[in-house]
Amino acid sequence: MALNKYLDVSPEVAQALAEGRPVVALESTIISHGMPYPQNVETALAVERIIRENGAVPATIAIIGGRLKAGCSKEEIEHLGRAGTSVAKASRRDLAVLCARGQDGATTVTTTMIIAHMAGIKVFATGGIGGVHRGAETTMDISADLEELAHTPVMVVCAGAKSILDLGLTLEYLETHGVPVLGFGTSELPAFYTRHSGFQVDYRVDTPEELAAAFRASLELGFDGGMLVANPIPEEYSMDPAVINTAISEALAQAKANGIHGKETTPFLLAKVKELTGGDSLDSNIQLVFNNARVAAKTAACLVK
Ligand code: PSU
Ligand code: MN
C-alpha cells in the first residue's frame with residue numbers, strides 16, 4: 001500500500017484496513033452530477049448505512065481542497081451534494097491539477113478506483129460505469145473508466161451500463177484490455193435500468209464467496225487490472241425497456257443537436273434521461289445502487305477472510 005502525500009484516509013477507514021476488516025469504496029460524481037439535491041445526499045448516506053449493515057465500512061471518496069479523501073465525513077458529503085455540478089467532475093487527467101490548486105473534485109469510477117487503490121481498498125460499489133459511446137468509431141469517445149479497469153486492481157460492482165453507450169463495443173474494449181466481466185446471478189450483461197441487454201458476460205457468478213475467490217486469484221496472479229461485476233437491478237425496480245429506450249434515443253438526439261462533447265456528454269445524457277422519464281428513473285437508480293452496495297459489502301467481507 002503506497003500511501004501518498006496527497007491522500008487522507010479517514011480514521012475509521014484506516015483502522016478498519018489496519019485490522020483487516022472489510023471496506024467498500026463509493027464514488028462521488030454520482031452524488032454531485034448523478035442525482036439532484038437532496039436525494040443525492042440522502043442516497044449517499046443510505047448507501048453508507050447499507051454497507052455497514054452488511055458488515056463493511058464505507059469509504060466515500062472525493063477530492064476536497066486538493067486532498068484525496070478515502071472516507072468523507074457527513075459534512076463533506078452534504079457539501080458535494082449541495083454544490084452539485086459546480087464541483088469539477090474529476091477523471092484521471094484532472095487529479096494532478098486539482099491537487100496542485102487545492103480544489104474540490106467529484107470522483108468518477110476512474111478516480112475512485114485510483115484513490116481506493118492508494119488507500120488499500122479493494123472493493124468499490126457504484127451505479128453504472130462509463131464505456132464506449134455510441135458513434136465512438138468517429139468521436140473516439142471512450143470513458144477513462146475502461147482504461148482504469150484495465151490497470152488498477154479494484155473490483156467494481158455496478159448494474160451494468162446504460163444503453164446511452166454502445167454495450168457491445170464496451171464489452172469488446174474490456175475483452176481487449178483483459179478485464180473480466182462477471183454477471184452476478186446472470187449470464188447476461190444488465191443494462192442499468194433493465195435486467196437485460198442481449199449481450200453475454202464472460203462468467204456467471206452466484207455468490208459473494210465466488211466473487212471474492214475470483215478477485216483474490218487475480219491479485220495472487222499479480223495482475224494489475226480490476227474486475228467488473230455486473231449486478232442486475234432487482235426485478236421490482238426495473239423499468240419498462242420501451243420507456244427507457246425511447247428516453248435514451250431522445251437524449252442522444254438532443255446531445256447531438258446541441259453539440260455536446262467531452263466530459264459533458266455523460267452528465268448531459270443522464271440528466272436528459274432523468275428529465276424525460278419524469279423521476280421514475282431516479283427511484284430505479286437509487287435502488288440499484290443499494291443493491292450493489294449489499295453485494296460489494298458481502299464480497300469485501302469474504303475477501304478479508
Ligand atoms: N454512468 C452512470 N451514472 C454515472 C456515471 C456514469 O450511469 O453517475 C458517472 C460515473 O462517475 C462514471 C462517469 O465514472 O460518469 C463516466 O463519465 P465519462 O463517460 O465522461 O467517462
Ligand atoms: Mn467521454
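The values are calculated or read from the model by the stated rules, or taken from the named source; none is laboratory data. Predicted model only: the values in this text are computed from it and were never measured. Because the Cβ atoms are built from the backbone with ideal geometry, glycine has one as well, and the counts that use them run over all protein chains shown. Side chains included, ligands, DNA and RNA excluded: accessible areas come from the protein's heavy atoms. Shrake-Rupley method; radii C 1.70, N 1.55, O 1.52, S 1.80 Å.
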Quiz item: Considering only the stretch 261-283, how many residues are within 11 Å of ligand 1 (Cβ to nearest atom), in a helix (DSSP H, G or I) and not charged (D, E, K, R)?
Solution: 10
Quiz prompt | Sole exception among (1) within 12 Å of ligand 1 (Cβ to nearest atom); (2) assigned to a helix (DSSP H, G or I); (3) crowded, with 21+ Cβ neighbours inside 10 Å for L171, by number | solution = (1)
Quiz item: Picking from I164, I260, which residue would you name as being within 16 Å of ligand 2 (Cβ to nearest atom), open to solvent by 40 Å² or more (accessible area, probe 1.4 Å) and under 20 Å from S281 (Cβ atoms)?
Solution: I260
Practice problem: Name, by its number, the condition in (1) assigned to a strand (DSSP E or B); (2) in contact (Cβ under 8 Å) with a residue 60 or more places away in the chain that does not hold for G183. | Solution: (2)
Quiz item: Yes or no: I129 closer than 18 Å to E188 by Cβ and either surrounded by 17 or more Cβ atoms within 10 Å (Cβ to Cβ) or within 16 Å of ligand 2 (Cβ to nearest atom) (or both)?
Solution: yes
Quiz item: For the stretch 198-243, how many residues are in a helix (DSSP H, G or I), touching a residue at least 40 places away in the same chain (Cβ under 8 Å) and among the acidic types (D, E)?
Solution: 2
Quiz item: Taking A271 and the conditions (1) more than 16 Å from ligand 2 (Cβ to nearest atom); (2) among the aliphatic types (A, V, I, L, M); (3) open to solvent by 50 Å² or more (accessible area, probe 1.4 Å), which numbered condition does it fall short on, given that it satisfies the others?
Solution: (1)
Exercise. Considering only the stretch 16-116, give the helices (runs of 4 or more DSSP H) lying wholly within it that have at least 2 residues that are out of contact with any Pro (no Cβ under 9 Å at 6 or more places or on another chain) and closer than 22 Å to T265 by Cα.
Key: 29-32, 74-83, 92-101
Self-check item: Meets criteria (at negative phi, among the β-branched types (V, I, T), more than 13 Å from ligand 1 (Cβ to nearest atom) and not in a strand (DSSP E or B)) for I129
Solution: no
Exercise. Scan L276, L303, L288 and give me the residue that is more than 22 Å from S143 (Cα to Cα) and either touching an Asp or Glu at 6+ places or on another chain (Cβ under 9 Å) or open to solvent by less than 10 Å² (accessible area, probe 1.4 Å) (or both).
Key: L276
Practice problem: Go through the stretch 1-57 and give me each residue that's of a type in the set (S, T, Y), more than 16 Å from the chain's Cα centre (by Cα) and open to solvent by less than 50 Å² (accessible area, probe 1.4 Å). | Solution: S10
Quiz item: Out of the stretch 94-126, which residues are open to solvent by 10 Å² or more (accessible area, probe 1.4 Å) and within 16 Å of A150 (Cβ to Cβ)?
Solution: T108, I114, H117
Practice problem: Name the single residue, out of those in the stretch 132-154 being β-branched (V, I, T) and in a helix (DSSP H, G or I), that is nearest to ligand 2 (Cβ to nearest atom). | Solution: T139
Quiz prompt | Yes/no for T138 being in contact (Cβ under 8 Å) with a residue 12 or more places away in the chain and β-branched (V, I, T) | solution = no
Quiz item: Across the stretch 186-197, what is the number of residues that are in a loop (DSSP other than H, G, I, E, B) and either of a type in the set (V, I, T) or touching a His at 6+ places or on another chain (Cβ under 9 Å) (or both)?
Solution: 3
